[in-house]
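To start, the structure under review is shown below, and the notes come after it.
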Amino acid sequence: MITLTVDLGERSYPIYIGKGLLGRDGLLLPHIPGKNVLVVSNETVAPLYLDKTLTMLSGKRVEHCILPDGEEYKNLQTLNTIYDVLLRNQLDRNTTIIALGGGVIGDMAGFAAASYQRGVHLVQIPTTLLAQVDSSVGGKTAVNHPLGKNMIGAFYQPRAVIADTATLDTLPDRELSAGIAEVIKYGLIRDRLFFDWLSENIARLVAREADALAHAIEVSCRNKAEVVAADEKESGQRALLNLGHTFGHAIEAGLGYGCWLHGEAVAAGMCMAAIMSKKLGWLDSDDADRIKGMIAQAGLPVNAPRELSVERFLELMAVDKKVMDGVLRLVLLNAIGHAVITDDYKPEQLVDSIRASYEA
Ligand code: NAD
Ligand code: GLY
C-alpha cells in the first residue's frame, strides 16, 4: 500500500492506494470519529462492494443509501434522497458519510456531507479509475443543473481516501478509458516526464497491466495532492486541473448528462484546447498531434460532436465557473507539461477553434 498525504494543515488527510484494501482491518475505522455511518453508493457498485465495505465498520451503527446509477441522476432531486435517509434515521452531526463508487457518487455524497447539518464527516472510497485519480481527492463536491455542469456544490475535504485498485477489475473498458483522460491531463498541465512515460505506456494502461495502472494512479494523485495543497479553493493554479473541462462540460450539458461520459467529454475538450493553443501559436503542430494521438490510443474521442453547433458551445461555455466579470478564461497549453489560464484570445479565435474541432 502507498500512502500519500493531502497537506492542508489540521485538515490534512491520507490517500491510501493499493490492491485489496477493501475489507482490510484497521484502515477505515481510525477515520470515523462517531458511532453513526451512512454509506452512499449506487445500484451497480453496492452489489459488488458494499458487503466488503461493511466488514470494515464493525462496532458502528451503519445505514446505507443506494442511488440510481448515472450522471443524469447527479442532481438536487437525487441528493434529496440522501437527506431523507439521514433524517429518517436521525443521524446526528457526528455521522460519517462514506462515498462508495465513482465520481458521481463521490460528488453527491460529498455535497450531502458538506451540507447536512452544516457539515458531517466524509470518507471517499473511489471505485473507478477517474475517481481514484481525480474526483475523490481535493474536496470538490457538486450536483449538476440542467443549464450547467457542477453548478451547485461546495469545497469539502474528506478525512481519508481509500483507493482499492482491485475494484478496477470489474470496471467496464469504456469507463477505464474515461479515467485515462484525467490521467493524461496531469501530464499535459504540469508533468512532462509523466506525459513522456504515458507515451510509452498508454497501451499498457488500456490493457489494464497492474504495475502501469498503479504507477499512473500514484503519479496522478501526487500531482493532484500538490495542486490542492497549494490552492485548495481554486484562486490560482487549481484552475489548471480544468484543462479541457470548459469544452467538455459544454458537451456533457449540451448532449444531455450521461450521453458522453465525463472523461470522454474532457478528452475531446483537451483536443479542442490543444487546437486552440496551436491556433494562438503557443503549441507546435507536432505536440498537438502527439496529444491527439495519445487520446485516440486510449480509446477516447478526439473531436467535438457535430450535434453541438458553435453557437450552442458558446452559450453553454458562458456559464463556466471560470467566467470572471463576464469574461471566459480558458485553460490552454503553451507546451506539453505547461498549462496556463488565460483570457488573452480573440472571440473569433475561439470560434475558429471550435469549428476546427469537428471531425474533418
Ligand atoms: P461514475 O461515477 O458515473 O462511474 C462510472 C460508471 O462505473 C457508473 O455506471 C458506475 O456505477 C460504474 N462503476 C463504478 N465503480 C465500478 C466498479 N468498480 N466496477 C464496475 N462498475 C463500476 O463516473 P466517474 O467517471 O467515476 O465520475 C464522473 C463524475 O465525476 C462526473 O460527474 C464528474 O463531474 C465528476 N468529477 C468530479 C471531480 C471532482 O474533483 N470532484 C473531478 C473529476 C470528475
Ligand atoms: N477536477 C478539478 C479539480 O479538482 O479541481
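See the values below:
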read-out	value
Prolate/oblate/rounded call for the chain, Cα gyration tensor, a/c under 1.5 rounded	prolate
Cα-Cα over 32 Å, subset of 149/292; 35/149; 35/185; 279/322	35/149; 35/185
Separation of alpha-carbon centers, region 264-297 and region 86-159, rounded to whole Å	32 Å
Cα long-axis angle, helix 76-88 against the chain (0 to 90 degrees, to the nearest 10)	10 degrees
Simple Cβ-charge dipole of the chain, Lys/Arg +1 and Asp/Glu -1, about Cα centre, in debye nearest 20	800 debye
For region 28-157, alpha-carbon Rg over 2.2 N^0.38 Å	0.95
Paramagnetic reach from residue 35 (point 7 Å along Cα→Cβ, amide N under 19 Å) across region 59-85	59-64
Contour excess over end-to-end distance, with Cα ends at residue 63 and residue 169 and 0.36 nm allotted per residue	35.5 nm
Degrees, to the nearest 10: 103-115 long Cα axis against longest axis of the chain	60 degrees
Residue-span extension gain [residue 356 to residue 315] - 0.36 nm each, minus C-alpha spacing	13.0 nm
Inter-site label distance for residue 348 and residue 197 at 7 Å from Cα along Cβ, in nm	4.4 nm
Helix 192-206 axis, angle to the chain major axis (alpha carbon atoms, nearest 10°)	70 degrees
Cα lying deepest toward the dipole's positive end in region 1-143, options 96, 136, 44, charges on Cβ	96
Ellipticity estimate at 222 nm from DSSP helix runs (n ≥ 4, -39,500 (n - 2.57)) divided over the chain, nearest 500	-13500 deg cm²/dmol
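Every number here is computed from the coordinates shown, using simple stated rules; none is lab data. Everything numeric here is computed off the predicted structure, so don't read it as measured data. Ideal geometry is used to build each Cβ from the backbone, glycine not excepted, and the neighbour counts take in all protein chains shown.
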